[in-house]
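Notes follow the structure.
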Amino acid sequence: MVRLGIDLGGTKIEVAALDESGREVARRRAATPQGSYRAILATIAELVDRVETELGTRGSVGIGTPGALSRATGLVKNSNSLCLNNRPLREDMERLLERPVRMANDANCLILSEAADGAGAGASVVFGVILGTGVGGALSVEGRVLIGANAIAGEWGHNPLPWPRDEERPGPACYCGLRGCIETFVSGPAMVRDHGEATAETLAPQVIASRAEAGDEACRGTMGRYMGRLARSLAHVINIVDPDVIVLGGGLSNIGSIYAEVPLLWGEHVFSDRVDTRLLSAKHGDSSGVLGAARLWPVE
């Protein structure tokens, strides 16, 4: 039987199918409907139907989603796709797809894949990060993804930006109801906002990074602020869990300069005489989340 993985992101929904050997045999994606829970459900169901029709078989379904399922209510909580919050997503998908569905936080899906045979393979402690529309995090110890008593293990994005500068206080408002969360400084929209406030120019993160490398002073300033904030935020993680490897996924993880510059900066804030933690991009790239979602169902 094939295993279907679904990566429910803020901008796209992707479905991939793995055969019994773990080989990818199909993949489809669609834009994420914005602000409509029912439209998201319908899009997922349509993608699953297309893949299964193409393969001529039904499969197990695992879904990686922003946020987590509340252990108190079974409803989605903590999602930056706000229309998902307080919704019975798993229950609704099981009804639509007419089968059991397993769900996990999208960062947990990323680390499930990367700790198994990706950038974190063989490492004892791996911290996984999603830098995209939001900022997610997950923790794997000896190959086991930690969930936590409140289903929020690794969720660093809603801690305050550590060691804030005067000009960074109190920080931007966050959808969670607080101000100055890490997510409001190192997500993709945060970089766009920061650059716009400094220059009155609206540019995508990849454009900002590209122009910075080409010598654009304004973009270099934006990237300098971003690198410093990301370095401080990851140093905070290192001080708490001391991972062997930090694996980055999400759209901003494709900015190559992060891997050279951030480790040069985080040492100032790490409580050690040297930092041996490695900062790596996800080996499976944008596929890490969807592959991890498929693996929520083990091979029988």
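Values quoted throughout were computed directly from the atomic coordinates according to the rules given, and no laboratory measurement underlies them. Since the structure is predicted, the reported quantities are computational estimates derived from the model, not experimental observations. Ideal geometry is used to build each Cβ from the backbone, glycine not excepted, and the neighbour counts take in all protein chains shown.
Data overview
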{"item": "Net lengthening on full extension, residue 152/residue 173 (0.36 nm per residue, minus Cα-Cα)", "result": "5.5 nm"}
{"item": "Taking 48, 125 and counting other C-beta atoms within 10 Å, the order from fewest to most", "result": "125, 48"}
{"item": "Stretchable slack from residue 207 to residue 94, in nm (0.36 nm times residue separation minus alpha-carbon distance)", "result": "36.7 nm"}
{"item": "From phi via Karplus (6.51, -1.76, 1.60), per-residue ³J(HN,Hα) for segment 225-235 in Hz, x at Gly/Pro", "result": "5, 5, 4, x, 5, 5, 4, 4, 5, 6, 4"}
{"item": "When the convex hull of its Cα atoms is projected in every direction, mean area for segment 119-282 (nm²)", "result": "9.6"}
{"item": "Of every Cα-Cα pair in segment 1-69, the percent that sits beyond 14 Å", "result": "55"}
{"item": "Between segment 152-183 and segment 201-271, the Cα center-to-center distance that results, in Å", "result": "16"}
{"item": "Scattering curve values for segment 1-156, log₁₀ I(q)/I(0), Debye with Cα scatterers, q = 0.10 Å⁻¹", "result": "-0.34"}
{"item": "Order of 238, 44 - criterion: other Cβ atoms within 10 Å of each residue's Cβ, fewest first", "result": "238, 44"}
{"item": "DSSP-assigned coil residues among trypsin sites (Lys or Arg not before Pro) in segment 1-102, each with at most 10 further Cβ atoms within 10 Å", "result": "23"}
{"item": "Directionally averaged projected area (convex hull, Cα atoms, the chain), nm²", "result": "15.7"}
{"item": "Pairwise FRET efficiency - residue 23 versus residue 244, Cβ, R0 = 35 Å, nearest 0.05", "result": "0.80"}
{"item": "Isotropic mean projected area of the C-alpha convex hull, segment 183-223 (nm²)", "result": "2.4"}
{"item": "Residue (of 70, 163, 236) at the positive-pole extreme of the chain, dipole from beta-carbon charges", "result": "70"}
{"item": "Neighbour-limited loop hits for GluC sites (Glu not before Pro), segment 174-276 (at most 10 other Cβ within 10 Å; DSSP other than H, G, I, E, B)", "result": "none"}
{"item": "Sites residue 141 and residue 273, calculated FRET efficiency, Cβ-Cβ separation with R0 35 Å, nearest 0.05", "result": "0.90"}
{"item": "Lys, Arg +1 and Asp, Glu -1 on Cβ, resulting dipole of segment 119-282 about Cα centre, debye, nearest 20", "result": "200"}
